[in-house]
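Asks: Supplied in structure tokens, the structure appears directly below.
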Amino acid sequence: MDTRFSCTGCGKCCTDHHVPLTLSEARDWAEDGGQLIVLLEAFLDDGEGLHNLKLSHGQQEHARRRSLPVMCGTAAAHVSITFAAYNVGRCRNLGEDNRCAIYAKRPLVCRIYPMEINPHIPLRPEMKDCPTEAWETGPALIHGGLLVDPPLAELIEHSRQADRDDIADKARICNELGIHTAALKGDGFTTYLPDAAAFLAALRRVDALPADAKGLQAAWDLHIPDPQLAQRLAETGAMIAAILADDAMFISLRRAA
Ligand code: SF4
Ligand code: SF4
């Protein structure tokens with residue numbers, strides 16, 4: 001059955017959603033005075049952080065492609081870094097009339113919603129903010145399980161490619177900002193709210209790095225709230241952060257027992 005879609009302009013997707021940004025979008029967002037949030041997760045090369053999520057082979061490959069190989073103690077790990085627009089409440093660009101004030105240059109993810117960027121996650125309308133009527137009219141979005149809008153497919157591919165292209169510089173910017181602690185994938189995210197001026201200064205320093213310094217990557221550690229899991233991972237050589245830095249927060253993805 002086809003999935004039809006027509007945006008009603010309700011503005012819900014622009015409210016209380018941090019919007020993942022490409023690196024160049026993050027630069028624009030900070031230069032425009034917007035607040036960024038940095039979200040970090042990591043998994044170990046031996047699969048810790050992936051196996052517990054019971055990810056398909058395709059999902060695991062996707063996670064590896066958008067992450068950066070780093071060292072975490074003596075353990076090889078992969079860190080994923082998202083720079084996102086910090087949208088608590090209404091997005092700073094959402095007008096009273098629910099129109100986007102930067103519509104012509106809105107971020108890629110805003111253009112792609114409600115489609116998924118992860119190729120291994122099927123679109124599930126019930127998981128989206130769009131009202132029921134948005135799925136009742138408009139052209140077919142999905143036909144036979146496939147996206148039928150070529151320009152939209154191109155935007156999604158662009159977003160995936162930016163994820164891969166940007167990851168090393170994102171890690172360098174984190175290094176410049178003193179950020180080196182990630183949560184274990186599936187456990188949650190460590191998050192940071194960098195000052196815009198500090199973020200832009202870090203970005204400029206990374207831009208100016210000589211090519212022969214670009215290959216150097218800092219060591220990372222993991223924030224693991226569960227003491228037993230922390231102990232088990234430490235025994236594999238993973239570096240566990242003793243405490244979370246004052247400017248960091250942890251967003252748990254675990255359900256309360
Ligand atoms: S930038 Fe525009 S489209 Fe994107 S979340 Fe903000 S208001 Fe919505
Ligand atoms: S939540 Fe859906 S229907 Fe509402 S503005 Fe966003 S994309 Fe359009």
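Asks: Ignoring ligands, DNA and RNA, what accessible area per residue does region 3-252 give at 1.4 Å, in Å²?
Replies: Working: 12790 Å² over 250 residues.
Spelled out: the 1.4 Å probe surface of region 3-252, per residue, equals 51 Å².
Asks: Just how much of residue 243 is accessible, in Å², when a 1.4 Å probe is used and the result is rounded to the nearest 10?
Replies: Taking all protein chains as shown, residue 243 has close to 140 Å².
Asks: Could you tell me the accessible area of residue 126 in Å² (1.4 Å probe, neighbours in place), rounded to the nearest ten?
Replies: So the heavy atoms of residue 126 present about 130 Å² to solvent.
Asks: Then there's this: Considering the alpha-carbon set of region 151-257 alone, what are its Rg and its Dmax in angstrom?
Replies: 16.4, 49
Asks: Using a 1.4 Å probe and counting only protein heavy atoms, arrange 236, 74 so the residue with the most accessible area comes first.
Replies: Sorted by accessible area, descending: 74, 236.
Asks: Next up: Can you tell me the Rg and the Dmax, both Å, for the Cα atoms in region 65-153?
Replies: 17.4, 54
Asks: Could you please put 185, 54 in sequence from largest to smallest accessible area, using a 1.4 Å probe?
Replies: Numbers: 185 35, 54 175 Å².
Order by accessible area, largest first: 54, 185.
Asks: Let me ask something else. Whenever you get a sec, compute what percent of the accessible area on region 3-252 sits on carbon and sulfur atoms (1.4 Å probe). The partial results should precede the final answer.
Replies: Values: 6940 of 12790 Å².
Using a 1.4 Å probe with all protein chains present, region 3-252 comes out at 54 percent carbon and sulfur.
Asks: Only Cα pairs under 8 Å and at least 6 apart count here; give the relative contact order of region 167-246 as a rounded whole percent. Could the numbers behind the result be given before it?
Replies: Numbers: 65 pairs, mean separation 27.8, N = 80.
35 percent.
Asks: Across 5 Å bins from the origin, how do the percents of Cα pairs in region 3-252 run, short distances first?
Replies: Pair shares across the bins are 1, 6, 12, 16, 18, 16, 14, 9, 5, 3, 0, 0.
Asks: For residue 71, what accessible area in Å² do you get when you roll a 1.4 Å probe over the heavy atoms of the protein chains, rounding to the nearest 10?
Replies: Approximately 90 Å² for this residue.
Asks: Run down the lysines and flag those whose C-alpha is under 17 Å from the C-alpha of residue 128, throwing out any fewer than 8 positions away in its chain.
Replies: 12
Asks: Could I ask something else about it? Suppose accessible area is computed on protein heavy atoms with a 1.4 Å probe; arrange 8, 82 from highest to lowest.
Replies: Numbers: 8 70, 82 25 Å².
Descending accessible area places them as 8, 82.
Asks: Still on this structure, please answer the following. With an 8 Å cut-off on Cα pairs and a minimum separation of 6 or more residues, tell me the relative contact order of region 3-252 in percent.
Replies: Numbers: 393 pairs, mean separation 77.5, N = 250.
31 percent.
The values are calculated or read from the model by the stated rules, or taken from the named source; none is laboratory data. These numbers come from a predicted model, not from an experiment. Ligands, DNA and RNA are excluded from the accessible area calculation, which covers all protein heavy atoms including side chains. Shrake-Rupley method; radii C 1.70, N 1.55, O 1.52, S 1.80 Å.
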